[in-house]
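Working notes for the structure below.
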Amino acid sequence: MPESMSRQRKIIHIDMDAFYAAVEERDRPDLVGKPVVVGGLPNSRGVVATANYEARRYGIHSAMPASQALRLCPFAEFIRPRFDVYRDVSRQIMEILRRFSDCVEPLSLDEAYLDVTDSHHFRGSATRIAQSIKAVVLQETRLTASAGVSYNKFLAKIASGLNKPNGLTVIRPEEGPRFVHDLPVGQFYGIGKATETKMKKLGIHSGADLLRWSQNALALHFGKAGYWYALLARGEDPRPVRAHRPRKSLGTEITFAHDISDIQLLLEELERQTHEIMKKLNAHDWQAHTVTVKVRYDNFEQVTRSQSFRQAFDATQACLYVRQLLQKTEAGNRSVRLLGVTVSGLEETPETLLQPPLWQDESSKIEHDLF
Ligand code: DCP
Ligand code: MG
């Protein structure tokens, strides 16, 4: 097996607490402390998307008919979802997660896996990275997340659910198999209601029961999935975290209403676009190493001129570079129909990775715990 496969991985699962409801409470202080139900309204035939933890005490949960939720808690606040807002907050959260690892796999709006095996932050301590993520998410979104830390996706996800809300749970490599022993099969990854029922009929209720069955016997009853269950029962889950690649470039362009040959006008437009891009770049805490100018002449012939730098550049430098690049084209001598600027070779601004530790008093305790 290649070294990278056999090495112990460090996986973090992040899951926001009562996500839609938490966003509503954040934006409407009058809701704080009340049971809040987000979803269809009770007089419609809608269902509950989520409920905050106050409402859950009355037995309200996701996917329940809103009318039933109303019966369980008549004085709960029922709110229609604002998906656009949740999507924006989700983007913000995923962007924060990518500051901590290139390998981030979003699962839904409020959930993601990170592989931090090769991270150098906090001397490679996944636990402290998870603490930092929670702190930064809270600081920048005013929302709490729960985190699970373990050596594979299956256990990291289970761990994040163990101390909700605002929890952080670590399942260390040596604890994994023992942990799975006591886990009800319904909570295993990939075991749905039907399989759970079938397993219970066979006397399989927990990980320990599952472990008593051989791979082949499981495969006989459950097909290929049987091999998978046998792995899980040993606390193993080889699925890699699949990063959805973040944006690698950022650009703008404009097609003029009338072709332009005035070089001054072209330079001004180029500078305007460059400022716009650099502003966006800064807003995302990104920096760029390459800048490209695109020119399309009046006959639709197109050229690009680009230059890369070892050091990231600021807006002033970028403006200088794009002027030089434009001068390497025939713009001005020939009429220009379209003009564009792109920056690429993007990476996170290093400072954003180094948030002050908010858990100073605990740091000595975790100093030697590099998992
Ligand atoms: N959601 C939904 N319908 C469902 C389940 C979820 O519309 N049946 C939406 C609303 C949730 C969001 O997805 O806020 C995230 O789902 P989660 O399962 O993570 O639930 P919450 O974040 O609301 O609560 P928890 O603290 O249990 O994670
Ligand atoms: Mg959630």
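Observations, loosely collected:
- Selection status of Ala208, exposed (fewer than 14 other Cβ atoms within 10 Å of the Cβ) and over 30 Å from Val85 (Cβ atoms): no
- Thr195 meets each of the listed conditions (1) more than 19 Å from Leu155 (Cβ to Cβ); (2) touching a Gly at 6+ places or on another chain (Cβ under 8 Å) apart from (2).
- Output for the range 111-133, where each listed residue is more than 18 Å from Arg7 (Cβ to Cβ), among the charged types (D, E, K, R) and open to solvent by 30 Å² or more (accessible area, probe 1.4 Å): Arg128
- Filtered residue count, the range 258-270, keeping only those that are open to solvent by 80 Å² or more (accessible area, probe 1.4 Å) and more than 19 Å from Arg323 (Cβ to Cβ): 1
- Among the candidates Val23, Val47, Val37, residue that is open to solvent by 20 Å² or more (accessible area, probe 1.4 Å) and either within 13 Å of ligand 1 (Cβ to nearest atom) or closer than 30 Å to Asp102 by Cβ (or both): Val47
- Any chance Leu143 is within 16 Å of ligand 2 (Cβ to nearest atom) and in a loop (DSSP other than H, G, I, E, B): yes
- The lone criterion from (1) touching a strand residue (DSSP E or B) at 6+ places or on another chain (Cβ under 7 Å); (2) open to solvent by less than 60 Å² (accessible area, probe 1.4 Å) left unmet by Thr255 is number (2).
- Residue that is farther than 30 Å from Pro173 by Cα and more than 16 Å from ligand 2 (Cβ to nearest atom), where the choices are Arg7, Arg82: Arg82
- The one condition in (1) more than 12 Å from ligand 1 (Cβ to nearest atom); (2) not in a helix (DSSP H, G or I) that Ile14 fails to fulfil: (1)
- Filter pass, Glu196 being open to solvent by less than 40 Å² (accessible area, probe 1.4 Å) and without any contact (Cβ under 8 Å) to a residue 24 or more places away in the chain: yes
- Candidates Arg172, Arg242: the one that is modelled with pLDDT under 95 and not acidic (Asp, Glu) is Arg242.
- Verdict on Phe75 being out of contact with any strand residue (DSSP E or B) (no Cβ under 7 Å at 6 or more places or on another chain), of a type in the set (Phe, Trp, Tyr), open to solvent by 10 Å² or more (accessible area, probe 1.4 Å) and part of a loop (DSSP other than H, G, I, E, B): yes
- First in the range 134-149 and open to solvent by 30 Å² or more (accessible area, probe 1.4 Å), second anywhere and in a loop (DSSP other than H, G, I, E, B), Cβ under 7 Å, 6 or more apart: Leu138/Thr144; Thr144/Asp17; Thr144/Pro165; Thr144/Asn166
- Candidate set: the range 52-68, residues that are touching a Pro at 6+ places or on another chain (Cβ under 7 Å) and small (Gly, Ala, Ser); chosen: the one modelled with the highest pLDDT: Ala55
- Among (1) open to solvent by 80 Å² or more (accessible area, probe 1.4 Å); (2) outside any loop (DSSP other than H, G, I, E, B), the one test that Gln273 misses: (1)
- Scanning the range 138-148 for residues that are within 15 Å of the chain's Cα centre (by Cα) and either modelled with pLDDT under 95 or away from ligand 1 (no atom under 16 Å from the Cβ) (or both) gives a single hit, Glu140.
- Answer residue from the range 115-137, given it is within 16 Å of ligand 2 (Cβ to nearest atom) and aliphatic (A, V, I, L, M) and is farthest from the chain's Cα centre (by Cα) among those: Ala130
- Residue list for the range 152-185, restricted to those being within 16 Å of ligand 1 (Cβ to nearest atom), open to solvent by 30 Å² or more (accessible area, probe 1.4 Å) and outside any loop (DSSP other than H, G, I, E, B): Lys157, Leu168
The values are calculated or read from the model by the stated rules, or taken from the named source; none is laboratory data. Source: prediction; values computed, not measured. Cβ: placed from backbone, ideal geometry, glycine included. Neighbour counts: every protein chain shown. SASA here: full protein model, heavy atoms, side chains in, ligands and nucleic acids out. Shrake-Rupley method; radii C 1.70, N 1.55, O 1.52, S 1.80 Å.
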